[in-house]
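Presented below is the structure to which this report refers.
The values are calculated or read from the model by the stated rules, or taken from the named source; none is laboratory data. Note that the coordinates shown come from a computational prediction; the quantities given were computed from them, not determined experimentally. As a convention, Cβ positions derive from the backbone with ideal geometry for all residues, glycine included, and neighbour counts pool all protein chains shown.
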Amino acid sequence: MSGQNNIYEMVTERIITLLEQGTVPWRKPWTGGRAQTLPMNFTSKREYRGINIFLLMCMGFSSRYWLSFKQAQEKGGRVRKGEKGTPVIFWKRYATEDRQTGEAKEVPVLRYYTVFNLDQIDGLEAPDAPEPVNPDFQPITEAERIIKAMPKRPLITHSEPRAYYRSMSDTVNLPKPELFTEAEEYYSTAFHELTHATGHESRLNRRPSTEIRHFGDREYSQEELVAEMGAAFLCAESGLAPAVIQNQAAYIDGWLKVLKGSPKVVVHAAAQAQRAADFILARTFND
């Protein structure tokens, strides 16, 4: 295992160096064409404006579409249990009378309401299909081998343009390969979700499979560190491009800010990520 540990240590040190130097803004490595730009209300088809753009885009969801709870119900959708909404603000104008002149006027009052991303809702689909950006996608042989050889591998689907691991069904969904700008990013994303899957009770039992985690809380953030470190290790095993590591470092930096920890926190996540990578690679922990 000494050679393998060297690879893990090299990747960990590389990511920490990037974090200390400042990282490139993380980007979602697949596309949905114009449909994945500014946030839009699913019902009205109006794009959000002003500060709402930043409030919604920073939440990290893959879809541009948002609905209120009532709008989701009216469209036949259902907000999944445990999902948290995001507030959006607006100015509502009320008619009143000027106390001094008696003239009618309007007074703007700041209000807010809560919306949910389409990713948080079952039963609804985006009205515009993602556009392929890499129609000539070429599989990477070593990365494919690692995925296919994973013990107790969960079912992998490509049914919708977002990436996730769902513990209740023990399934991984990935956007179709041709939606990724680079083949390396497809496999990096696959490794990330498969690392999540190693936490299932039938594998490394890193957490209860029925546990609900909320975007942005500490436990969710820690698990994201583990998943992205595991992906970084597996990318190194596959010989993927260094640019992928840059994106991973930037993604990790975002979760470190949530955790309010130094880059050294990565070292702790790396311990669990090493076990996850070894599991995926079908390596025992004492050889």
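One table, with the values for the structure above:
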| read-out | value |
| --- | --- |
| Criterion violated by Tyr113 - all others in (1) in contact with a strand residue (DSSP E or B) (Cβ under 6 Å, 6 or more places away or on another chain); (2) part of a strand (DSSP E or B); (3) surrounded by 11 or more Cβ atoms within 10 Å (Cβ to Cβ); (4) outside the structural domain of Gly230 (by TED's automatic domain parsing) satisfied | (1) |
| Count of residues meeting criterion [within 15 Å of Phe180 (Cα to Cα), touching a residue at least 60 places away in the same chain (Cβ under 8 Å) and in contact with a helix residue (DSSP H, G or I) (Cβ under 6 Å, 6 or more places away or on another chain)] in region 125-142 | 2 |
| The lone exception for Leu240 - which of (1) in a loop (DSSP other than H, G, I, E, B); (2) at pLDDT 85 or above it fails | (2) |
| Within region 142-197, strands (runs of 3 or more DSSP E) holding 2 or more residues that are among the polar types (S, T, N, Q) | 171-173 |
| Qualifying residue in region 158-174 (condition: without any contact (Cβ under 8 Å) to a residue 24 or more places away in the chain, under 18 Å from Ala227 (Cβ atoms), of a type in the set (A, V, I, L, M) and in contact with a helix residue (DSSP H, G or I) (Cβ under 8 Å, 6 or more places away or on another chain)) | yes |
| Of the criteria (1) under 21 Å from Glu160 (Cα atoms); (2) part of a strand (DSSP E or B), which one Lys81 fails | (2) |
| Answer from Val133, Val88, Val107 - the residue that is in contact with a Phe, Trp or Tyr (Cβ under 6 Å, 6 or more places away or on another chain) and aliphatic (A, V, I, L, M) | Val107 |
| Residue that is modelled with the lowest pLDDT, among those in region 149-196 that are small (Gly, Ala, Ser) and more than 24 Å from Ile252 (Cα to Cα) | Ser159 |
| Some residue of region 151-169 being of a type in the set (Ser, Thr, Tyr) and touching a Pro at 6+ places or on another chain (Cβ under 6 Å) | no |
| Selection within region 253-283 - outside any helix (DSSP H, G or I) and at pLDDT 70 or above | Leu281, Ala282, Arg283 |
| Output for region 179-206, where each listed residue is polar (S, T, N, Q) and crowded, with 20+ Cβ neighbours inside 10 Å | Ser188, Thr189, Thr195, Thr198 |
| Boolean, Val79 is in the same structural domain as Pro108 (by TED's automatic domain parsing), under 12 Å from Asp122 (Cα atoms) and not basic (Lys, Arg) | yes |
